[in-house]
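Peer 1: Mind looking over this structure? Questions follow.
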Amino acid sequence: MTVSADPISTPPARTPGGAIRMDGLVLRDETVARLRAEIDALGNPHVCLATVLVGDDKPSQVYVRSKHKKAAEAGMSSKHVELPATASQAEVEAAVRDLAEDPDVHGILVQLPLPNGLDEDAVLDLVPAEKDVDGLTIASMGRLMRGREGHIPCTPKGVMRLLDRYGIATSGQTAVVIGRSLLVGLPLSVLLARKGIDATVTLAHSRTKDLVAACRNADIIVGAAGIARLITAEHVKPGATLIDVGMSRTEAGIVGDIDFDAVESIAGAITPMPGGTGPMTIACLLENTLEAARMLGAVRR
Ligand code: GUN
C-alpha cells in the first residue's frame, strides 16, 4: 500500500486564527478526478462498488447515496441492496453472499452499524478480502498488521492522506488517537506507527485517566471518540495538528470531537467538521474499489 496524496497545487487556506485548514472536500475532489482520469486511461473498464444497507436510518441512507454519487463521478458503476430493519440474519447473509459471488461486483461495503440483533461479524466474514473495500474483515485487518497488500479502512486511510497532502510531519512526532474503534482508532494507531510514518502513538479511550495530560504535549491529536467537543484549548499544544473524526448529533446540530472555535487559533493545522475527514472516507472507498478491481484481475495494474 502506498499512502501518498496528490501534490499541493495552491497554498492552503487558513482558519481565522491562522491554522492551516485541512480541506477534505478539496482533496476528495482531486482524488475523484484522478480516479476518473485513471479509469479513462484504462479504457473505461467496468468497476463496480456494491453497498448493503439494512434498516431505514436516515443518516446512513444519506452516506450511502453520496458514495454512489461520487462513484459515478469517478467513472465507476454501483449497485445498492437495501433490506428492511426486520431482515433476518439469513437474509442479510444471503445478500452479501450473492455480492461475494458476483463477478461483476468488485467492492462490497456493508453499512454499519447493523440493526440490533444482527451478527455483524458473521456478515463481514462473508466478504472476500479482495472485495473488502472497507478493510474491516479479519483478513484485511491481518494484512494491515502484517504490512501485506490489502484494503485499509477508509477513514484511517483518509486521515493519512490529509496528513500527507498538507505536509504534516509524522516521523518521530507524538500522536494521540482518542477512540479505539475497529473502524477508525485501532487501525489508525497502527498506520501512524508503521515504518515510514514513524509516529510515537498513544491510543487513548474512555478509560484513559487524564486525557489532558495525554494530549497536551502531542504533535498530532485525532478525535475519534464520538464525544461532542471533547478536545478543548487545555488539550492542545501550540502548533499541534488536530484531526476530527467525531460526529455527534446535538441540539446545536452535528458537532465533532474537537471544539474548533476554541482551538483553531492554537493549532498549526486543523480539519473542519463537516468538510474534513468525512469526504476523505468516500475518496478512499473509491480508491479501494479501483484497487479491488485490480486485485481481482478485472483491471490491469
Ligand atoms: N458507518 C460509518 N462509517 C462507516 C464506514 O466507513 N464503513 C461502514 N461500512 N460503515 C460505516
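Peer 1: Scan segment 150-167 and report the pairs whose first residue is acidic (D, E) and whose second residue is away from the ligand (no atom under 12 Å from the Cβ), with Cβ atoms within less than 8 Å and a gap of 6+ or a chain change.
Peer 2: D164/V3; D164/S4; D164/A5
Peer 1: Something else now. Scan segment 180-192 and give yes if some residue there is touching an Asp or Glu at 6+ places or on another chain (Cβ under 7 Å), in contact (Cβ under 8 Å) with a residue 24 or more places away in the chain and open to solvent by less than 30 Å² (accessible area, probe 1.4 Å), otherwise no.
Peer 2: no
Peer 1: Can you pull out every residue in segment 8-50 that is under 21 Å from V245 (Cα atoms), among the charged types (D, E, K, R) and out of contact with any Lys or Arg (no Cβ under 8 Å at 6 or more places or on another chain)?
Peer 2: Passing the criteria: D23, D29, E30.
Yes/no matrix, rows are residues, columns are (1) within 16 Å of the ligand (Cβ to nearest atom); (2) basic (K, R); (3) in contact with a Gly (Cβ under 7 Å, 6 or more places away or on another chain):
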{"residue": "L49", "(1), (2), (3)": "yes, no, yes"}
{"residue": "E73", "(1), (2), (3)": "no, no, no"}
{"residue": "S77", "(1), (2), (3)": "no, no, no"}
{"residue": "V81", "(1), (2), (3)": "yes, no, no"}
{"residue": "A94", "(1), (2), (3)": "no, no, no"}
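Peer 1: How many residues does segment 1-25 hold that are at pLDDT 95 or above, crowded, with 18+ Cβ neighbours inside 10 Å and within 17 Å of the chain's Cα centre (by Cα)?
Peer 2: The number of residues fulfilling the criteria is 3.
Peer 1: Against the conditions (1) surrounded by 16 or more Cβ atoms within 10 Å (Cβ to Cβ); (2) under 30 Å from L42 (Cβ atoms); (3) not polar (S, T, N, Q), where does A199 fall short? Just the number, please.
Peer 2: So the condition that A199 fails would be (2).
Peer 1: As an exercise: evaluate V190 against (1) farther than 24 Å from I266 by Cβ; (2) touching a strand residue (DSSP E or B) at 6+ places or on another chain (Cβ under 9 Å); (3) among the β-branched types (V, I, T); (4) within 15 Å of the ligand (Cβ to nearest atom) and give the number of the one condition it does not meet.
Peer 2: Only one criterion in (1) farther than 24 Å from I266 by Cβ; (2) touching a strand residue (DSSP E or B) at 6+ places or on another chain (Cβ under 9 Å); (3) among the β-branched types (V, I, T); (4) within 15 Å of the ligand (Cβ to nearest atom) is unmet by V190, namely (4).
Peer 1: Let me ask something else about it. Pick from L124, L114: which is near the ligand (Cβ under 10 Å from one of its atoms) and touching a residue at least 60 places away in the same chain (Cβ under 8 Å)?
Peer 2: L114
Peer 1: What residue, of E130, E149, is open to solvent by 10 Å² or more (accessible area, probe 1.4 Å) and either in a loop (DSSP other than H, G, I, E, B) or within 30 Å of R21 (Cα to Cα) (or both)?
Peer 2: E149
Peer 1: Criterion first (open to solvent by 10 Å² or more (accessible area, probe 1.4 Å), within 16 Å of the ligand (Cβ to nearest atom) and either among the acidic types (D, E) or touching a strand residue (DSSP E or B) at 6+ places or on another chain (Cβ under 7 Å) (or both)) does V255 satisfy it?
Peer 2: So V255 fails the test.
The values are calculated or read from the model by the stated rules, or taken from the named source; none is laboratory data. Computed from a predicted model, the values in this text were never measured in an experiment. Using ideal geometry, Cβ is built from the backbone for each residue, glycine included, and neighbour counts are taken over all protein chains shown. Heads up: the accessible areas ignore ligands, DNA and RNA and are worked out on the full protein's heavy atoms, side chains in. Shrake-Rupley method; radii C 1.70, N 1.55, O 1.52, S 1.80 Å.
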